[in-house]
1. Look at region 34-70 and say how many of its residues are of a type outside the set (Val, Ile, Thr) and closer than 23 Å to Ala136 by Cα.
2. Search region 58-73 for residues that are of a type in the set (Phe, Trp, Tyr) and pair each with any residue that is in a strand (DSSP E or B) when their beta-carbon atoms are under 7 Å apart and the residues are at least 6 apart or on different chains.
3. What's the number of the condition Val184 fails, among (1) of a type in the set (A, V, I, L, M, F, W, C); (2) closer than 18 Å to Asn51 by Cα; (3) assigned to a helix (DSSP H, G or I)?
4. Quick check on region 158-175. Is at least one of its residues among the aliphatic types (A, V, I, L, M), open to solvent by 40 Å² or more (accessible area, probe 1.4 Å) and modelled with pLDDT of 95 or more?
5. What's the total number of residues in region 177-190 that are surrounded by 15 or more Cβ atoms within 10 Å (Cβ to Cβ), of a type outside the set (A, V, I, L, M) and closer than 26 Å to Gly224 by Cβ?
6. Go through (1) touching a Gly at 6+ places or on another chain (Cβ under 9 Å); (2) under 25 Å from Ile256 (Cα atoms); (3) of a type outside the set (A, V, I, L, M, F, W, C); (4) open to solvent by 60 Å² or more (accessible area, probe 1.4 Å) one by one and return the number of the condition Pro313 breaks.
7. Tally the residues that are open to solvent by 30 Å² or more (accessible area, probe 1.4 Å) and within 18 Å of the chain's Cα centre (by Cα), restricting the search to region 111-126.
8. Within region 197-209, which residues are part of a loop (DSSP other than H, G, I, E, B) and open to solvent by 30 Å² or more (accessible area, probe 1.4 Å)?
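The values are calculated or read from the model by the stated rules, or taken from the named source; none is laboratory data. The structure displayed is predicted, hence computed values, not measured ones. For neighbour counting, all protein chains shown are included, and Cβ atoms are generated from backbone atoms with ideal geometry for every residue, glycine included. To get the accessible areas, we keep the full protein, side chains included, count just its heavy atoms, and leave off ligands, DNA and RNA. Shrake-Rupley method; radii C 1.70, N 1.55, O 1.52, S 1.80 Å.
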Amino acid sequence: MHYVIIGAGPAGVNAAEHLRQYDPLGQITMLVAEDVPPYSRMALPYYLADNIPSEGTYLRKQTGHFEELNIELLQGRASAVDTSAKRITLLGGKTLDYDKLLIATGATATRPPISGIDLDHVHNCWTLKDADKIIASTKPGSHVVLMGAGFIGCIILEALAEREVDLTVIEMQDRMVARMTNQVMGNLIKDWCISKGIQVKTSTGVTSIEQGKDSPLMVHTNQGESLPTDVVVCATGVRSNTVFLDGSGIEIDMGIVVDDYLQTSVPDVYAAGDVAQGRDLSTGEYHVQAIQPTAVEHGRLAAHNMVYGHGSPHPGNVNMNILDTAGLISTSFGLWMGVEGGEEAEMSDIENFKYLNLQFHEDVLVGASSLGMTQHVGVLRGLIQTGCHLGEWKDKLMEAPNRLSEAYLACAQSQHKAMGPG
C-alpha cells in the first residue's frame, strides 16, 4: 500500500507518523513544497522576534526523524491529480502514483488588489522565506505598516513589537480580531496595543502603496492619510490551496469538501487541515477551521481511516482561538457570537483589560470569549465540548460568569453520578 501525502504542515506530518504507527509496512511519501524540513507557521513569529533560530520552527527537531520512520520526504509541488489513474503530476512533469492520497496543502496568504502591493519591501509573513525578508529589512526603529489585525495579523503584530519597530496597524473592520471578538473585546485589544506604543487605525483601508521620496514606501489610506514607511507587512487573509485540483473530480467549496471520515468526494482521497472543510462540533456544519489543533487532529483521523476504513464518524472539532496580542491573551470558543434565542452573561474590568462573555442555549454553554483571563481556558473548552446541561448553575453563571470552575466541577460530578458505579 502506497500512501501519499501532499503537504508537510502539522496535518501532513501527524498523518504520516500515524500512518506508520497503523501500518508498519506501508510505503509513505510526503510531498514537501519548500526546500526546508517540515515546519510550523505558528512558530514563525517566534523566529521573527529572534526568540528562536529558524530550526526552532521545525515540527520535528530530531535529525533523521522521518528516515527512522521510513517516511520519504519528496521535494516538489503538485500541479494536477488524476484520481481515475491515481496519479499526481508535479511541477516539472514528474509523476507519482498512489493507492491512497491525503491532501494537506494548507493555505496561501493573499494580497488585496491595490496599486503597489507587489513593490519591494511589501511582504507577507507566511513562509520562512517571508520571515527572512522581514528580518533582513527591519531593525529597531524601522517604520512598519501592518495591513490586517485579524488573528494572523495580531500574531505578527506581537513579533514585530518585539523587534522594537515603529509599528502602525491598519484594519478595515471597526475593531481588532473581528472574527473572534465583539465590539467591547475588540476595542479593548486596540486600546491595549495603543498603550504599548502601537498605532492602530480601525475602519481604515489601504488604497495604494507607492515608492516614497524620503522613505522606501508611502502608504495611502481611505481616510486621506499618507504614511511614510520602510516596510509593509500584509496579513489580510488566506485561501485554501486547491487550484491544482481543477479537473480532478474532487468537490471544492471554500476548501475541499469532506465527509465525517475526512474522505473527499472521490474514494481513497482524503483531506485534512486548513485545506479541508471539516465538521464543526458546535453547529454540525462543515467549514475550514484554520487552527493548528484541528489540523493535528485531522491528520490523525485521516490516517486512521486510510488504514482501517470508516468506523465511527468524527463528531467534529471545537472552533477555538487563543491569541497573544502584545502580551494580552484573548480566547474564543464555539459559538462565541451566540445563537438565536440564546442568552449571554458578561463581566468586564475595562481599566485592567479583563473581559468574559458566556453564550447559552437554554442551560448549555455553547460559546465563550475572554480577555486577560486565562484561568478559564480549559474549563470553557470542556463545558462547550461536552455540551453539559448546567441546570441551576446556568442561573448562577448568568449572575457571576467567573464561577466557571465551580460549574464545571458540579457538571462533572453530575455526569459521574448519572453513569453510576463501575
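1. First, the residues of region 34-70 that are of a type outside the set (Val, Ile, Thr): 34-35, 37-51, 53-56, 58-62, 64-70.
Among the residues that remain, those that are also closer than 23 Å to Ala136 by Cα are: 34-35, 37-51, 53-56, 58.
Total satisfying the criteria: 22.
2. Listed pairs, sorted by first residue: Tyr58/Tyr39; Phe66/Leu73.
3. That leaves (2) as the condition not met.
4. Yes; the residues of region 158-175 include at least one that is among the aliphatic types (A, V, I, L, M), open to solvent by 40 Å² or more (accessible area, probe 1.4 Å) and modelled with pLDDT of 95 or more.
5. At the first step, the residues of region 177-190 found to be surrounded by 15 or more Cβ atoms within 10 Å (Cβ to Cβ) are 177-178, 180-182, 184-190.
Then keep just the ones that are of a type outside the set (A, V, I, L, M); that gives 181-182, 186-187, 190.
Subsequent filtering for residues that are closer than 26 Å to Gly224 by Cβ retains 186-187, 190.
Total satisfying the criteria: 3.
6. For Pro313, the failing item is (1).
7. Residues flagged as open to solvent by 30 Å² or more (accessible area, probe 1.4 Å) and within 18 Å of the chain's Cα centre (by Cα) within region 111-126 amount to 2.
8. Gly197, Ser203
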